[in-house]
């Protein structure tokens, strides 16, 4: 997985949502070059991280609802397995996405019911929506080692490689928007095209010039993540903010889903 993440936990509307989770929506635009391998899935993720105390469903759990699609229309979502732990399913859609075209992908989740609501894709030749209300969201495997002293709503764009097909492994994302349902209606809590950052923030949380298990421990504390900025979702994510002529001077995130090298060390939450 090659993804970026952004946290939100202190705003008035977000605090209301975290105390009584309801629906949440995220959208972003994605583009890939002609050589993209057929086994690359790219898309969105919304997660509700529960705190260690005053939790809704369980202490220090990360509830995730991810929806990633391939260029040939294979939609992969994480959904409820046994006891809500992370499982997955593939759904074959009737769309084919073309290279060098920006497509808007979106998903809506109902964290109050712990269910998906809808996934959609829109762009040249594509106008698709899929009803996903039969699927429950799940507990992220990452939460099994986390502590999360406080709750947070987290937003992701990313790409991942699911087999060993030949081809390119790079996808781009841009223009992320998110909104949440609260008592006064729907409120926009994120609207960002990466223009305010020239680089992603890494995982050197203790600022000692290296990434190790100490940083992993610090990453489990939500308040160590600065709000309003984009991070590498994982210290080994091959992600970067780029500006290239094809994007007409705007910033975008480059997700490289190349496989990890044999013996490459990984750290996570």
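Values computed for the structure shown
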read-out	value
Members of segment 116-130 that are outside any loop (DSSP other than H, G, I, E, B) and either in contact with a helix residue (DSSP H, G or I) (Cβ under 7 Å, 6 or more places away or on another chain) or surrounded by fewer than 14 Cβ atoms within 10 Å (Cβ to Cβ) (or both)	127, 129
Residue satisfying condition, being surrounded by 15 or more Cβ atoms within 10 Å (Cβ to Cβ) and out of contact with any helix residue (DSSP H, G or I) (no Cβ under 9 Å at 6 or more places or on another chain), within set 24, 37, 62, 19	37
Selection within segment 61-115 - at pLDDT below 95, closer than 20 Å to residue 35 by Cα and assigned to a strand (DSSP E or B)	none
Every pair of residues 6+ apart whose Cβ atoms lie under 9 Å, when the first sits in segment 209-224 and is under 12 Å from residue 151 (Cα atoms) while the second is part of a helix (DSSP H, G or I)	220/145
Subset of segment 198-223 (residues that are more than 19 Å from the chain's Cα centre (by Cα), surrounded by 14 or more Cβ atoms within 10 Å (Cβ to Cβ) and either at pLDDT 90 or above or assigned to a strand (DSSP E or B) (or both))	204, 205, 206
Residues (within 20 Å of residue 109 (Cβ to Cβ), out of contact with any helix residue (DSSP H, G or I) (no Cβ under 7 Å at 6 or more places or on another chain) and assigned to a strand (DSSP E or B)) located in segment 40-59	41, 42, 43, 44, 45, 46, 47, 48
Condition met for residue 195 (more than 18 Å from the chain's Cα centre (by Cα), touching a residue at least 40 places away in the same chain (Cβ under 8 Å) and within 30 Å of residue 98 (Cβ to Cβ))	yes
Selection status of residue 43, in contact (Cβ under 8 Å) with a residue 60 or more places away in the chain and over 13 Å from the mean Cα position of the chain (by Cα)	no
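The values are calculated or read from the model by the stated rules, or taken from the named source; none is laboratory data. Keep in mind that this is a model prediction, so the values were computed, not measured. Positions of Cβ are backbone-derived with ideal geometry, glycine not excepted, and every protein chain shown enters the neighbour counts.
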